[in-house]
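Chemist: What follows is a structure written as structure tokens; I'll ask about it next.
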Amino acid sequence: MDDVNNESKSNPQASFVVVANRLPVEQVTNDDGSTTWRTSPGGLVTAMEPVMKNQDGAWIGWSGAPGEKLDPFEADDIKQVPVELSQDEINEYYEGFSNATLWPLYHDSVAFPEYHREWWDAYVKVNQRFADAAAEVAEEGATVWVQDYQLQLVPKMLRDVRPDLKIGFFLHIPFPPGELFGQLPWRERILEGLAGADLVGFQTPEGAANFLRLLRTRMNYQVQRDTFTTPDGRRSRARAYPISIDVQMFEDLARSPEVKARAKEIRDDLDAKTVFFGVDRLDYTKGLRQRIRAFGELFKSGELDADEAVFLQVATPSRERVEEYKRLRDDIELLVGRINGDMGRIGRSPITYLHNTFPRSEMAAMYLAADVMVVTPLRDGMNLVAKEYLACRPNNDGALVLSEFAGAALELKQAYMVNPYDINGMKNTTLQAMNDTAANKRRRMRALRRQVVTHDIKKWASDFLGDLDPDMKPDEG
Ligand code: ADQ
């Protein structure tokens, strides 16, 4: 171990290390042309912040720029350890194997997963680079928390050289059943990779169960409840830790006079009795095609009156270089254009569609302006949008329409639940959510909010880290 530590004089040493595809900061260019690092807003950063600050933490990740070679630096009291990715590696490891193989495969194959041996080779190589960086940065006995599907080989690679570490892994997306996972030509390598962790976290018990079943049936590991034993006799666990959001931050925003005023402005601009709202990354897993079709039919049949109701859909630009995402964008824009062309009139469109990213305060204002939130993914690890909407409704009004295929559905049982493949069912439930009595809506909203308020992002992090290392006290400080 000492060898590893001695070789790494240029790198900081840390007792707590997060390993994620991206660093939690992004480079911004100032007016004078100089550049600085700014924390990129995100749930994971917020969750980790208190832990990182208490624990002398380091974060290993890619800066976001191709071929950029950077020394470790400090930003926001967190040691940032950049890992370099060449343009080819971005194409093959990130856009290829991560986003065009694993992403569709793990989401029920709702798009066709592509299998290319060169992509796999790049995935192995890049995972090794992240593991090497973690091995250098982690001090003796440190806790290392590896994040998500881009880095599933890291736990084992890291354990091979640093058996002294406590290694956790969390998968933010679903873990598929064996019948799907079995397609993957490198399935055993991925299972072994993940099993290198002491604790493997999933969004849902179903994901954990799928993983444990595969360890038993494909790898012949001994499995007992949530515990598995690797061939070298090490015992690890796989469990569900449903991720959440910074509830307080969203609630404070929603209560602020600025956000309230902005919400009123949005409503005035939309000028409708009922505002339906959807906001998603522009991703084929989010069920946008089905949702927009359902709204198109509701407006066409007159069940929704374009003079009284409006559907605001915000789609965040995402993975724009991947073919499937380009196609999706074209499809959505065609669909929206057609519906507005057929059913709109001068100065009035039934669907307001925005392809843009917004600051948190604007997101909160939109949540506050929405009477009915529509979250209809075909498959989703959790879905934070649903939870953010609830956090922004401290008055217990509004309604949440939620797909049963979002991980969040397991916790948010009082939502108006839909199967996004069933367009008629989705139309009926959306109308029901709009027309339900105020008392019913309030009752549902109160229960939903109670769940989210008592299960926020801090609880998620401390539950996971508490199980990984009972000596760690992530909540202190
Ligand atoms: P995502 O697939 O990205 O996350 P989601 O959980 O809904 O999906 O999170 C999206 C985040 O982006 C939310 O925090 C939302 O506020 C933000 N966002 C969306 N549109 C935006 C816009 N136009 N402008 C600004 N912000 C916007 C993956 C998994 C999920 C899992 C999360 C966390 O796919 O299932 O819940 O990770 O584990």
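Chemist: Could we say that Asn383 is touching a helix residue (DSSP H, G or I) at 6+ places or on another chain (Cβ under 8 Å) and at positive phi here? Reasoning before the result, please.
Modeler: Working: touching a helix residue (DSSP H, G or I) at 6+ places or on another chain (Cβ under 8 Å): yes; at positive phi: yes.
Against the criterion (touching a helix residue (DSSP H, G or I) at 6+ places or on another chain (Cβ under 8 Å) and at positive phi), Asn383 qualifies.
Chemist: Could you grab me the full set of residues in region 45-88 that are within 30 Å of Arg117 (Cβ to Cβ), acidic (Asp, Glu) and out of contact with any Gly (no Cβ under 9 Å at 6 or more places or on another chain)?
Modeler: Within region 45-88, Glu68, Asp88 meet the criteria.
Chemist: Moving to a separate point now. Give me the residue from region 283-305 that is under 29 Å from Asn395 (Cβ atoms) and of a type in the set (Lys, Arg) and, out of that set, farthest from the ligand (Cβ to nearest atom).
Modeler: Arg291
Chemist: Okay, next question. Would you list the helices (runs of 4 or more DSSP H) that sit entirely within region 150-212 and hold 2 or more residues that are under 16 Å from Asn127 (Cα atoms) and away from the ligand (no atom under 16 Å from the Cβ)?
Modeler: Values: elements: 154-161, 178-181, 187-195.
Passing ranges, in order: 154-161, 187-195.
Chemist: Kindly evaluate Glu308 against the criterion of being over 30 Å from Asn91 (Cα atoms), surrounded by fewer than 24 Cβ atoms within 10 Å (Cβ to Cβ) and within 11 Å of the ligand (Cβ to nearest atom).
Modeler: Working: over 30 Å from Asn91 (Cα atoms): yes; surrounded by fewer than 24 Cβ atoms within 10 Å (Cβ to Cβ): yes; within 11 Å of the ligand (Cβ to nearest atom): no.
Judged against the criteria, Glu308 is not a match.
Chemist: The conditions are (1) surrounded by fewer than 19 Cβ atoms within 10 Å (Cβ to Cβ); (2) more than 16 Å from the ligand (Cβ to nearest atom); (3) closer than 22 Å to Thr143 by Cβ, and Gln224 fails exactly one of them. Which is it?
Modeler: Only one criterion in (1) surrounded by fewer than 19 Cβ atoms within 10 Å (Cβ to Cβ); (2) more than 16 Å from the ligand (Cβ to nearest atom); (3) closer than 22 Å to Thr143 by Cβ is unmet by Gln224, namely (3).
Chemist: Related question: Of all residues being more than 17 Å from Thr376 (Cβ to Cβ) and polar (S, T, N, Q) in region 427-446, which is surrounded by the most Cβ atoms within 10 Å (Cβ to Cβ)? Just the residue, please.
Modeler: Filtering region 427-446 for residues that are more than 17 Å from Thr376 (Cβ to Cβ) and polar (S, T, N, Q), the one surrounded by the most Cβ atoms within 10 Å (Cβ to Cβ) comes out as Asn440.
Chemist: Same structure again: Being over 27 Å from Thr357 (Cβ atoms) and within 16 Å of the ligand (Cβ to nearest atom) narrows it down to one residue among Leu390, Leu410, Leu400, Leu384; which is it? Full working, then the answer.
Modeler: Values: Leu390 fails: over 27 Å from Thr357 (Cβ atoms); Leu400 fails: over 27 Å from Thr357 (Cβ atoms); Leu384 fails: over 27 Å from Thr357 (Cβ atoms).
One residue alone meets the criteria, Leu410.
Chemist: Tell me the residue from Arg239, Arg216 that is modelled with pLDDT of 95 or more and part of a strand (DSSP E or B), please.
Modeler: Values: Arg216 fails: part of a strand (DSSP E or B).
Checking each option against the conditions leaves just Arg239.
Chemist: Please verify whether Val81 is within 30 Å of Val247 (Cα to Cα), away from the ligand (no atom under 16 Å from the Cβ), of a type in the set (Val, Ile, Thr) and out of contact with any Leu (no Cβ under 9 Å at 6 or more places or on another chain), treating the condition exactly as stated. Steps first, answer last, please.
Modeler: On the way: within 30 Å of Val247 (Cα to Cα): yes; away from the ligand (no atom under 16 Å from the Cβ): yes; of a type in the set (Val, Ile, Thr): yes; out of contact with any Leu (no Cβ under 9 Å at 6 or more places or on another chain): no.
Considered against the rule, which asks whether it is within 30 Å of Val247 (Cα to Cα), away from the ligand (no atom under 16 Å from the Cβ), of a type in the set (Val, Ile, Thr) and out of contact with any Leu (no Cβ under 9 Å at 6 or more places or on another chain), Val81 comes out as no.
Chemist: Continuing with this model, one more query. Which condition number in (1) more than 28 Å from Arg237 (Cβ to Cβ); (2) buried (at least 20 other Cβ atoms within 10 Å of the Cβ); (3) among the aromatic types (Phe, Trp, Tyr) is the one that Tyr115 fails?
Modeler: Exception for Tyr115: condition (2).
Chemist: Could you say which residue among Asp232, Asp280, Asp271 is within 16 Å of the ligand (Cβ to nearest atom) and acidic (Asp, Glu)? Steps first, answer last, please.
Modeler: Values: Asp232 fails: within 16 Å of the ligand (Cβ to nearest atom); Asp271 fails: within 16 Å of the ligand (Cβ to nearest atom).
So the residue among Asp232, Asp280, Asp271 that is within 16 Å of the ligand (Cβ to nearest atom) and acidic (Asp, Glu) is Asp280.
Chemist: Based on what the data block shows, is Glu95 over 22 Å from Gly466 (Cβ atoms), outside any strand (DSSP E or B) and at pLDDT below 90?
Modeler: Numbers: over 22 Å from Gly466 (Cβ atoms): yes; outside any strand (DSSP E or B): yes; at pLDDT below 90: no.
Against the criterion (over 22 Å from Gly466 (Cβ atoms), outside any strand (DSSP E or B) and at pLDDT below 90), Glu95 does not qualify.
Chemist: When you go through Met434, Met426, Met417 one by one, which is the residue that is under 22 Å from the mean Cα position of the chain (by Cα), away from the ligand (no atom under 14 Å from the Cβ) and under 21 Å from Gly296 (Cα atoms)? Walk me through it before giving the result.
Modeler: Working: Met434 fails: under 22 Å from the mean Cα position of the chain (by Cα); Met426 fails: under 22 Å from the mean Cα position of the chain (by Cα).
After applying the criteria, what remains is Met417.
Chemist: Of everything in region 247-262 that's closer than 17 Å to Val45 by Cβ and surrounded by fewer than 22 Cβ atoms within 10 Å (Cβ to Cβ), which residue is nearest to the ligand (Cβ to nearest atom)?
Modeler: Going through region 247-262, the residues closer than 17 Å to Val45 by Cβ turn out to be 247-250, 253.
Within this subset, residues satisfying the condition of being surrounded by fewer than 22 Cβ atoms within 10 Å (Cβ to Cβ) are 248-249.
Working: Gln248: 15, Met249: 11 Å.
For region 247-262, the residue satisfying everything is Met249.
The values are calculated or read from the model by the stated rules, or taken from the named source; none is laboratory data. All values reported here derive from a predicted model rather than from experimental measurement. A quick note on method: Cβ atoms are made from the backbone with ideal geometry, for glycine too, and the neighbour counts reach across all protein chains shown.
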